[in-house]
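A quick write-up on the structure given underneath.
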């Protein structure tokens, strides 16, 4: 299930929280099945400690490299994976 996070505009928000909120907004667009799947990049480009995925968009290096050459079906598959990663790393 895709949830929405509301962020007050005037409040300073942790970059990780903002990145997750932006990803969830874009995920809602992807869930509608429209063409031209949006990039999950949220301009928080740094790899996690074991370098398995980006802390901003939750994509692996290989997924980031392949994005521009991927068709919409492949991009939706990447979205599904990154949302799983995001859920797995979200504190309870």
(message) Sort 82, 24, 34 by Cβ crowding within 10 Å, fewest neighbours at the top.
(response) 34, 24, 82
(request) Mind ranking 37-46, 67-76 by how tightly packed they are, going by the mean number of other C-beta atoms within 10 angstrom, highest first? (result) 37-46, 67-76
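When a footprinting reagent is the concern and you count Cβ atoms within 10 Å, what order do 53, 58 take, fewest first?
Working: 53 20, 58 26.
Taking fewest neighbouring Cβ atoms as first place, the list is 53, 58.
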(request) Report the far tail of the P(r) of the chain, meaning the percent of Cα-Cα pairs longer than 19 Å. (result) 37 percent
(message) Run the helix sum for the chain: -39,500 (n - 2.57) per DSSP H stretch of 4+ residues, divided by residue count, reported at 222 nm to the nearest 500 deg cm²/dmol.
(response) -14500 deg cm²/dmol
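Read-outs: derived from the displayed coordinates by stated rules, not from any lab. This one's a predicted model, so the numbers in the text were calculated from it and none came from an experiment. As a convention, Cβ positions derive from the backbone with ideal geometry for all residues, glycine included, and neighbour counts pool all protein chains shown.
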